[in-house]
Amino acid sequence: MRAVVQRRYGPIDEVLIIQDVDKPVPRDNEVLVRVRASALHPDVWHAIVGLPLIYRVMGAGLRRPKQPVPGMDVAGVVEAIGGNVTRFKEGDAVFGATMFMRLGNGAALAEYASVREDLLAHKPAHVTFEAAASVPTPALITFMNLRPDRIGTNQHVLINGAGGNVGSLAVQMAKASGARVTGVDRTDKLAMIRSLGADHVIDHTKHDFTRVGEHYDLVLDVASTSSHQACKPILKPGGRYWVIGHDHFGTATGRVFGSIPRMIGFMLSSDFRKSEKLDLRSAPVAQWMETLRSQLDSGAVTPIVGKVFPLREITAAMRCLVEGQTVGRIVVAVDS
């Protein structure tokens, strides 16, 4: 099968090639997916370039990638199922993530991928493969951080970085939970954020959202440009601040540790309660994927696809991702 392959870490223009590799064989709890589309996001970039360096020690592979095929999100058709799989059958259209809360390559940028059953959901018929592939990883990150099941009706949520992959989904999921949503991003993304249902928008190039006089039950800092300390004055009593930890493709944090020290500092200094913590070992991923499927099916969540590239143009697709000028998700059409 054809796949994107990297044998070492380095610049995207130097390490990515298209090669024939062996088709994966699904384990008992896995589904073999004939991939139609796969989406790109910052974690894919981190795994390819091997930065920050701490990622290599934490599981991606010290000298070279343990898994040579990059990518994490897929949408496609079930080709075969493992012996213990019960939710899917051959011919089902599915979407999901090849890995969750792990560092490194996920083998999604290939004609076939083996995916754990609990990381997949049935694709709604009216949603394209490209659109379905654009949502799994950012949606799982959103569920983990936003916790829409804990957002009450009329709570006021501010999302900093609302025009990005995670932020745009967070806007829609918060609205689906009944919250009032304020979205913060740059000028050219505000119209899109409004179209997703945000009640208010703030142009961060013109205004500091910590000084507009509003107070919030939750500030979700997807862009990672603020801090818990800076947001304390705008939090209501009992309000929460959560930061995702985006390091802006290595430009905002160090080459060795990246955003990890900042995340640790946030956890040590914030006053979040134990009840807000989530044990990632028992994260209800299958439940989250089913909720996402339902939201896509009902139209509560609408994926925003910015550009679609064929597999042979993977380096151009990655450059487009890093440049950050495209509104919407960058998707690779594997079957074109």
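Every read-out reported here was derived from the displayed coordinates using simple, explicitly stated rules and does not represent laboratory data. All figures in this text were calculated on a predicted structure; none of them were measured in a lab. Positions of Cβ are backbone-derived with ideal geometry, glycine not excepted, and every protein chain shown enters the neighbour counts.
Observations, loosely collected:
- 222 nm mean residue ellipticity, helices alone, for the chain (DSSP H n ≥ 4; -39,500 (n - 2.57); rounded to 500): -7000 deg cm²/dmol
- Remark: for residue pairs Lys66/Lys307; Lys189/Lys236; Lys23/Lys123; Lys175/Lys232; Lys23/Lys66; Lys89/Lys123, the C-alpha separation exceeds 25 Å in Lys66/Lys307; Lys189/Lys236.
- Considering only Thr182, Thr291, Thr137, the mean-square fluctuation computed in a Gaussian network model of the chain, springs between alpha carbons under 10 angstrom, is largest for Thr291.
- Here, P(r) means the percent of Cα pairs in each 5 Å bin from 0 to the largest distance; for the range 1-43 it is 5, 16, 18, 25, 21, 12, 3, 1.
- Shape of the range 128-187, Cα gyration tensor, a/c cut at 1.5: oblate
- Label-point separation, Arg64 to Asp13 (7 Å along Cα→Cβ), nm: 2.4 nm
- A straight chain from Thr225 to Asp297 at 0.36 nm per residue would run longer than the Cα-Cα distance by 22.6 nm.
- Sequence-separation-based contact order of the chain, relative, with Cα cut under 8 Å and 6+ spacing, percent: 19 percent
- The chain: translational diffusion in µm²/s, Stokes-Einstein, Kirkwood Rh over Cα pairs, 20 °C, 1.002 mPa s: 106 µm²/s
- Efficiency of FRET between Val25 and His207 - r from beta-carbon atoms, R0 45 angstrom, step 0.05: 0.25
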